[in-house]
Structure formats: structure tokens, C-alpha cells
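The values are calculated or read from the model by the stated rules, or taken from the named source; none is laboratory data. All figures in this text were calculated on a predicted structure; none of them were measured in a lab. All Cβ positions, glycine included, derive from the backbone under ideal geometry; neighbour counts span all protein chains shown. In case anyone asks, the SASA skips ligands and DNA or RNA and just uses the protein heavy atoms, side chains included. Shrake-Rupley method; radii C 1.70, N 1.55, O 1.52, S 1.80 Å.
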Amino acid sequence: MLVQLLEALLAHGNGSDVALRIQTLHSDEVKVFQAHSLVLSLQSETFEGLLQHRNSSGLILRETADCAAVFDKFIRYLYCGEITVQLEQAIPLHKLASKYRVSALQEGLSHYMTQHLASDSPQGHVVSWYDYAMRIGDVGLRESCLQYLSWNLSSVFQSGEWGAVSDDLLLSLLQRSDLILQSELELFGALESWIGRNQPGGTTIESALRSVRYAMIPPEQLFRLQKQSPVLLKYHESVRDLLFMAFQFHSASPLQFAKYFDVNCSLFTPRNYLSPAWGSPWLINNPTRDDRSMSFQTQLGPSGHDSAKKIMWNALFSPRWLPVSLRPVYTAEHGAMQAVRAEEGHPRIIVTPATSSVDFAGVSFQKTVIVVARQQGKAVVRHVYNFHQSTEESADFLAQADLQRRASEYLIESAVHLHIVIKPVYHSLIKAKK
């Protein structure tokens, strides 16, 4: 009732002692709100200072067009403590909350943006939110946007947002090893498209081209790029050394190559590739029913020398695994097993090699399990779990997921959607000679 009374107070201007005149910059548009000094001062330190030093019964506030358009929502929040936000209004409302130092609204809008990265919008919004977070120094929002773009990069390539990516954001993305995409060749194609649309400076193009991991592209495709890619033809000298090293990597035995070159650099580090050579999708229908298993095959490594060598992997999914401390035990006193509730268990996934070979020498494997979930009605990558060859599983796999609930955001049409990626990493066996 109090909120309704305050809303009516703002709407009718009863007992108003200050008139807020909102002037839109570079425009003749003016909005007037009959407000109350007590309410404004309680909610905003900035308003408190402005009202103490005013010389009349009015305050003139100059705002950009986007902020002026949502000032009515902002002022209503000061009275009612609640707000309804549309995607395109998040940034101007956050600007107002920052300018007038309304910290609760600032934090709420940052949280809103973090939770609505997957929402659909005509022109896209994640890139603009990232740029805004960079300008204001909101580290949490910036990292959330960067992670979302990294984990859903293939869909970003197909959207209008890809052309809006700034030079700095592009280079930040290209440095990451956790990008989820079909292949490095897909990344190169998207980069070529971005360069064509944005026409950046030569320094940016060279830095971007040198961030491509050419050793992750099969040699036959590298040959084609050298002859058919306009960008690579123009800037071939800038990446000649990387291409030469990639061809050496593909032609020589990795054990020999590792004796003379540092294979622990980014050029030889795989990203999260979804193509069949690197792993397998796994759709688990009715995941709470019972344990499941599957087998899949990957190539030993990205080197052309190893492309024909295959490794079989076994994966086991258990919906309600119990640690030893929670497993039922027989008690002589009661002559029965202790009951254990189903909700005490949690999902578990184990990935192990089905074969062992001397060919594994010099290679270790990082296992990655990608979880696709529904967010704002859209299927997006929600979690990425990484664990090393020596570890069979990720300890916190879907620890917070409620798979028992039919409407669980982790279920898409009653199924859990996973993708297992095996990332082979070569070791430097002998320190490279300088």
C-alpha cells in the first residue's frame, strides 16, 4: 500500500516542493516532473547535494537522449523501489543510476545484464554491454559478457553483433583457448568477414592474423587459404613464420618437433572444437532414470603426422552418484540398509581412454565437458568443465542442477545436452635450443 501511495504521490505531484526539468542534449525536448526533496535526498547522494545548493524551486538536469527517454522509469524507481527493464534500456538506466549514485539500482542493473545475455534482441546487445562495462570499469559484467561470447562464438558469427565487435574485443577473444566453435578454420573465416566489414588498420589486421592457431588447421586447408584468401594473400609476410612452423608441425613427428620448438605456446594449444575429430555430442534423454555410457573416437593429436591415429574413449554418466560417506551401509542393530534419499546424490560424469599405447608418449589430454542449457528460452552454453588426463571426472559437475524438476533449465525437451571435447597437448621433451 505504501508503494502505491508513493507512486500516486509522484503521478499527481501532491505536496511537490521541487520541479525537475529534464532537458535533452542537442534538442528542444523538455520533460518536467513534480517531485519531493525528501524522497530524492533519501535515495540519492547526488540529488541531496543538488537540492541543498539550489536557488529556486526547480532543478534543470541535462541528459543525453537515451537517458532522457527512460528518466520516468528512473524517477519512479526512486519512489517505488522497483523497475521494469527492457534490454535496450539497461545501459541508459545504469548511466542514470551511476550519475545520481543510486547504488542499489546500479547493482541490480548489472545483475540484470549478467542474467540476460542470452535474451533475443533484433541487433544483439552483448557486445554493446561489453563495451559499456569496459568504459565504466565493471569487471564482473565485462567478464560475463566475454565468457558468453567465447562460449557461444559460432552463433555470434552468424548474428549482426559480429560486425559490431571492436578491435580490442576481437583481439581479446582471439587470445582465448576456451573459445567454443566448430574449428579453427571457422574462426579464420569469421575473422576474414570481420576485416571485410570493419576495414581496420593494418596493425590490427596483423595482430589478429597472428592470433590464429594455424597449426590447428589441416595442411590441405592451409594450402587452400594461402592461395584463395584475399586477406592472407595481402598480409602473407606478416604470418609467413607462423605458416612455415605450422607446416613443419604437420609434417614431422611431434616427438622430433618438440625437441627443437616450444610446443607449449598458444600456436599449438587447441581451443574447444566441436568437429568430430575432437570429441562427440551426447544427448541424454530422461537423465534421472539410470546410468548411461557411450564410446567415441578422437584423433591422437592435431598434427598431420598423428591425424590417422585414433583413440577410443569411454564416458559414463550417473544422475545420482553418492560419495562413500553417504552410501547406504548395513547396520547389525537394525538388520537393514540405511535409507538414502535420491536428492542426496548428484550428477557425475567420468571420461577415460579405452586404449593405451606407446603413441601417447609426449601427449597429454585435457577433457572438457560442455553443458548446453536453456536460458531465456534459448539454448546456450551454460557450463564448461575441464579436467586433466590424470583425473577421471570433474568434482563439481552439475552440482547445482536439479534434473528431477521437469521445468529445469538444464533440460531441453527432457534431455541433457552435453558435448565432450578431448584436447591433446604436446610436451616439450627437450628444451628448445636458442
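May I ask you to list the residues in the stretch 33-52 that are open to solvent by 30 Å² or more (accessible area, probe 1.4 Å) and touching a strand residue (DSSP E or B) at 6+ places or on another chain (Cβ under 8 Å)? Selection gives PHE33, GLN34, LEU50. Residue pairs whose Cβ atoms lie under 8 Å apart, sitting 6 or more positions apart in sequence or on different chains, and linking a residue in the stretch 27-52 that is without any contact (Cβ under 8 Å) to a residue 40 or more places away in the chain to a partner that is among the basic types (Lys, Arg) and open to solvent by 70 Å² or more (accessible area, probe 1.4 Å), are VAL30/ARG21; VAL32/ARG21.
The set of residues from the stretch 111-136 being assigned to a helix (DSSP H, G or I), open to solvent by 20 Å² or more (accessible area, probe 1.4 Å) and more than 17 Å from ASN152 (Cα to Cα) comprises HIS111, TYR112, ASP131, MET134, ARG135, ILE136.
Within the option set SER275, SER307, SER295, being of a type in the set (Gly, Ala, Ser) and either more than 19 Å from GLN221 (Cβ to Cβ) or touching a helix residue (DSSP H, G or I) at 6+ places or on another chain (Cβ under 6 Å) (or both) holds for one residue only, SER295. Restricting attention to the stretch 284-321, and to residues there that are within 17 Å of PHE397 (Cα to Cα) and open to solvent by less than 30 Å² (accessible area, probe 1.4 Å), which single residue is modelled with the lowest pLDDT? Looking at the filtered set, the residue picked out is PRO319.
Scanning the stretch 404-425 for residues that are open to solvent by less than 20 Å² (accessible area, probe 1.4 Å) and either polar (S, T, N, Q) or without any contact (Cβ under 8 Å) to a residue 12 or more places away in the chain (or both) gives a single hit, SER408. Would the stretch 392-403 turn up any residue that is open to solvent by 50 Å² or more (accessible area, probe 1.4 Å), in a strand (DSSP E or B), modelled with pLDDT of 80 or more and in contact with a strand residue (DSSP E or B) (Cβ under 8 Å, 6 or more places away or on another chain)? Scanning the stretch 392-403, I find no residue that is open to solvent by 50 Å² or more (accessible area, probe 1.4 Å), in a strand (DSSP E or B), modelled with pLDDT of 80 or more and in contact with a strand residue (DSSP E or B) (Cβ under 8 Å, 6 or more places away or on another chain), so the answer is no. For GLU333, the conditions (1) open to solvent by 70 Å² or more (accessible area, probe 1.4 Å); (2) modelled with pLDDT of 90 or more are fulfilled apart from (2).
Here's the yes/no breakdown for (1) of a type outside the set (Lys, Arg); (2) touching a Phe, Trp or Tyr at 6+ places or on another chain (Cβ under 8 Å); (3) over 16 Å from SER98 (Cα atoms); (4) open to solvent by 60 Å² or more (accessible area, probe 1.4 Å):
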residue: ASN14; (1), (2), (3), (4): yes, no, yes, yes
residue: ARG54; (1), (2), (3), (4): no, no, yes, yes
residue: ARG62; (1), (2), (3), (4): no, no, no, yes
residue: PHE71; (1), (2), (3), (4): yes, yes, no, no
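Kindly indicate whether any position in the stretch 53-63 is touching a Leu at 6+ places or on another chain (Cβ under 8 Å), acidic (Asp, Glu) and touching a residue at least 40 places away in the same chain (Cβ under 8 Å). Yes, the conditions are met somewhere in the stretch 53-63.
Just one of the numbered conditions (1) in a helix (DSSP H, G or I); (2) modelled with pLDDT under 95; (3) open to solvent by less than 50 Å² (accessible area, probe 1.4 Å) is not true of VAL239: (2). Report every pair of residues separated by at least 6 positions or lying on different chains whose Cβ atoms are under 9 Å apart, first residue within the stretch 260-280 and free of Cβ contacts under 8 Å to residues at least 40 places away in the same chain, second hydrophobic (A, V, I, L, M, F, W, C). Filtered contacts from the stretch 260-280: PRO276/PHE296.
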